[in-house]
Amino acid sequence: MTDKPYRKNVGMVVFNHSGSVIVGERNQFPGSWQFPQGGIDEGEDYIDAAKRELWEELGIKNAVYVGEYPDWIPYDFPNNLGLNSHLQKFRGQLQRWILYYWDGSLEECDLDHFEIEFISIKHMHLLDTVNAVVDFKKPVYEKFVPFFQGLIENYIAEKQK
């Protein structure tokens, strides 16, 4: 058991008119695909952090807030992760997941204007992301993905009315 704290973190799921979501292939996990995520700065609201991280990781500024998973979800870092020095003081991350609608093209995304987190991005069906993410994050995705699937379906149905 560790007495290290969890790092507060926010994750963003961005979907388009067809319900596809944007996932990225992270530098340190080639072949695995995940949603953008990032730390919440001291005193920063998690929604503000989500907007900042969307801009930093994907270059997206005009995504529309749709909803969020109602609970914080923790996960522990595996021992063999080889963490960046600033993350070694944490046990893992405590995440809040936010859902956004954005109908831009992947070509409009800018992956290298801040720090390069993803070596590539693509669209994927939301339910496929659970099996595409690194193993230690799967339990997190298993919680929010089914919840977001319903929100996405409802949002698209409303837009089509």
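Summary of values
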quantity: Acute angle (nearest 10 degrees) that the helix 138-160 long axis makes with the longest principal axis of the chain, alpha-carbon atoms; calculated: 20 degrees
quantity: Residue pairs, from the table LYS4/LYS51; LYS8/LYS89; LYS51/LYS143; LYS8/LYS137, whose Cα atoms sit over 19 Å apart; calculated: LYS4/LYS51; LYS51/LYS143
quantity: Low-density loop cleavage sites - GluC sites (Glu not before Pro) in region 17-66, where at most 14 other Cβ are within 10 Å (DSSP); calculated: GLU42, GLU44
quantity: Computed helical MRE - 222 nm, the chain, DSSP H runs ≥ 4 contributing -39500 (n - 2.57), nearest 500; calculated: -8000 deg cm²/dmol
quantity: Radius 13 Å from Cβ of GLY31, net charge of other residues (Lys, Arg +1; Asp, Glu -1); calculated: 0
quantity: Protection proxy ranking of 59-66, 74-81 - average other beta-carbon atoms within 10 Å, highest first; calculated: 59-66, 74-81
quantity: Inter-label distance, nm, simple model (7 Å from Cα along the C-beta direction), ASN79/PHE136; calculated: 1.2 nm
quantity: Folded to 0 to 90 degrees: helix 46-58 orientation relative to the chain principal axis, Cα; calculated: 80 degrees
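Every read-out reported here was derived from the displayed coordinates using simple, explicitly stated rules and does not represent laboratory data. Note that the structure is predicted; figures quoted are calculated from it, not measured. Positions of Cβ are generated from backbone atoms using ideal geometry, with glycine treated the same way; all protein chains shown enter the neighbour counts.
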